[in-house]
Amino acid sequence: MSEAAREELSRRIAGEITLSDDPGATLRKWRTDFDVSQTELADQLGVSSSVISDYESGRRESPGIGVVRRTVEGLLDIDERRGGGRLRQYARVLSAGFESDIVHDLREYATAVPLEDFYEAMGATEVVRGDRDRVNGHTVIDSIQAITRLSSEEFYRLYGQSTNRALVFTRVTRGESPLVAMRVVSPTPNAVVLHGIDADDLWEHAGDLARVDGFSLATSTRDLEACLADLREL
């Protein structure tokens, strides 16, 4: 990751924490996103783990920008020592021009992955089988944020470098909105997973739209963080 990209990511995370209504909770969110324990972060910053705990719980006065900046840099330094996996993940999202609250993950695979392997990582149940049985990458999208904040052009760019991919929409209640919104985009993805609902709760016309456009459709209720962790191994 270039120094400029790291600085941009650092600035965005620090800004989100500083401007949050609950800075401690936002700090905790980013620490857990980077899979860093309170103890590990405390060691990096040269403080006791109770200091980190107090900030995150709100027992200590909200951290100033100096503390926030040091904390963010500490998280990035830890990730770089581990190989920079999280840095590369967020850099991909940022380079595509999206905020991390809209796109949870965006990546391309080194080789095409069987759709069944993708479903396994998602804990997904297939509803409709499409025309293609492999995917070259995935994009995990917050459906509410994407639909309310993105234009059709921005939505198209969510496909990333390849259209032969899987789209995962999170925070889905029926699936109507993301599937209808997808009709403005051509070509369609190889597969769509609607996360947050069982197949029995799916919009009654969802399967018909999938068949018309030729993509596989599945649902999943598995814990999202567990899904993301397994998707990173694909």
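Structure notes:
- Calculated mean residue ellipticity at 222 nm for the chain: -14500 deg cm²/dmol, from DSSP H runs with n ≥ 4 weighted as -39500 (n - 2.57), summed, divided by the residue count and rounded to 500.
- Probe 1.4 Å, protein heavy atoms only - accessible area per residue of the chain in square angstrom: 47 Å²
- The H on the amide N of residue 134, modeled in the peptide plane, is under 5 Å from the matching H of 115, each at least 5 residues off or on a different chain.
- Angle between the chain longest axis and helix 85-95 axis [Cα atoms, degrees, rounded to 10]: 70 degrees
- DSSP bridge pairs, the chain: antiparallel proportion in percent, nearest 5: 40 percent
- Taking other residues whose beta carbon is less than 13 angstrom from the beta carbon of residue 199, and scoring Lys, Arg as +1 and Asp, Glu as -1, yields -4.
- For region 212-228, 3J(HN,Hα) per residue [Karplus equation, 6.51 cos²θ - 1.76 cosθ + 1.60, θ = phi - 60°, Hz, x = Gly/Pro]: 4, 8, x, 9, 6, 10, 9, 10, 8, 10, 5, 3, 5, 5, 5, 4, 4
- Over the chain, relative contact order from alpha-carbon pairs under 8 Å, at least 6 apart, %: 17 percent
- Protection proxy ranking, highest mean first, for peptides 114-124, 50-60: 114-124, 50-60, where packing is the per-residue count of other beta-carbon atoms within 10 Å, averaged.
- Computed label-point distance, nm, for sites residue 57 and residue 133 using a 7 Å Cα→Cβ extension: 5.4 nm
- Estimated FRET transfer efficiency (residue 25, residue 223; beta-carbon r; R0 22 Å; 0.05): 0.70
- Prolate/oblate/rounded label for region 27-71 (Cα gyration tensor, a/c 1.5): rounded
The values are calculated or read from the model by the stated rules, or taken from the named source; none is laboratory data. Please read all numbers here as calculations on a predicted model, not as lab measurements. Using ideal geometry, Cβ is built from the backbone for each residue, glycine included, and neighbour counts are taken over all protein chains shown. Note: accessible area is taken over every heavy atom of the protein model, side chains too, but ligands, DNA and RNA are not part of it. Shrake-Rupley method; radii C 1.70, N 1.55, O 1.52, S 1.80 Å.
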